[in-house]
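A.B. asks: This is the structure I want to talk about, given as structure tokens.
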Amino acid sequence: MSINWILLIIGGLFETGFAVSLGKAQHTSGKEQWWWLAAFAISVSLSMYLLFKAMGGDKAIPVGTAYAVWGAIGAIGTVIAGIVLFKEPVTFWRMFFLSTLVISVIGLQIVSSK
């Protein structure tokens, strides 16, 4: 796995961070809300920067693949965080479609590596 893929994965995790930060900010007020909004700003900045870096350099990941994988990592992480932190429901169909997303991301990585 190249450094670009590692940067992309970390960027996707920060995408989860910015989505969770927004969710937490919605449920707070005052100074606590400002801390969550600051966490959002930091997470979104790092996430976008790492996406940018993953699409450049010697082993650049194609923009379509990079964006799809980055978004999928963020989506998967956000669903899991929603279940754990916000007590969102775990249903068969949610897990089924989350699984298809994981399979698609793995497929994109396989075909993009060649």
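A.B. asks: Going by what's in this entry, would S112 be described as hydroxyl-bearing (S, T, Y), surrounded by fewer than 17 Cβ atoms within 10 Å (Cβ to Cβ) and in a helix (DSSP H, G or I)?
C.D. replies: So S112 passes the test.
A.B. asks: State yes or no: is G23 within 18 Å of V105 (Cβ to Cβ) and not hydroxyl-bearing (S, T, Y)?
C.D. replies: no
A.B. asks: Please count how many residues of segment 56-73 are hydrophobic (A, V, I, L, M, F, W, C) and within 19 Å of F18 (Cβ to Cβ).
C.D. replies: Qualifying residue count for the region: 6.
A.B. asks: Kindly provide the set of residues from segment 35-78 that are of a type in the set (K, R) and within 10 Å of the chain's Cα centre (by Cα), ordered by number.
C.D. replies: The answer is none; no residue qualifies.
A.B. asks: A further question on this structure: Taking K53 as the residue in question, decide whether it is surrounded by 13 or more Cβ atoms within 10 Å (Cβ to Cβ), out of contact with any strand residue (DSSP E or B) (no Cβ under 6 Å at 6 or more places or on another chain) and at pLDDT 95 or above.
C.D. replies: In short, yes.
A.B. asks: Let me ask something additional. Looking at segment 73-89 only, could you name the residues that are over 16 Å from L8 (Cβ atoms) and in a helix (DSSP H, G or I)?
C.D. replies: Hits for segment 73-89 are T78, V79, I80, A81, G82, I83, V84, L85.
A.B. asks: Can you name the residue in segment 1-23 that is small (G, A, S) and within 17 Å of W70 (Cα to Cα) and is also surrounded by the most Cβ atoms within 10 Å (Cβ to Cβ) among such residues?
C.D. replies: By that ranking, first place goes to G12.
Yes or no, residue by residue, for (1) outside any loop (DSSP other than H, G, I, E, B); (2) among the hydroxyl-bearing types (S, T, Y); (3) in contact with a His (Cβ under 9 Å, 6 or more places away or on another chain); (4) touching a residue at least 24 places away in the same chain (Cβ under 8 Å):
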{"residue": "L7", "(1), (2), (3), (4)": "yes, no, no, yes"}
{"residue": "I10", "(1), (2), (3), (4)": "yes, no, no, yes"}
{"residue": "L13", "(1), (2), (3), (4)": "yes, no, no, yes"}
{"residue": "A19", "(1), (2), (3), (4)": "yes, no, no, yes"}
{"residue": "G23", "(1), (2), (3), (4)": "yes, no, no, yes"}
{"residue": "T28", "(1), (2), (3), (4)": "no, yes, no, no"}
{"residue": "A39", "(1), (2), (3), (4)": "yes, no, no, no"}
{"residue": "S47", "(1), (2), (3), (4)": "yes, yes, no, yes"}
{"residue": "L51", "(1), (2), (3), (4)": "yes, no, no, yes"}
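A.B. asks: Can you tell me how many residues in segment 24-44 are closer than 19 Å to A81 by Cβ and surrounded by fewer than 17 Cβ atoms within 10 Å (Cβ to Cβ)?
C.D. replies: Number of matching residues: 10.
A.B. asks: Spot the failing condition for A60; the list is (1) surrounded by 12 or more Cβ atoms within 10 Å (Cβ to Cβ); (2) assigned to a helix (DSSP H, G or I), and only one is missed.
C.D. replies: (2)
The values are calculated or read from the model by the stated rules, or taken from the named source; none is laboratory data. These numbers were taken from a predicted model, which means no experiment stands behind them. Cβ atoms come from the backbone with ideal geometry, glycine included; neighbour counts cover every protein chain shown.
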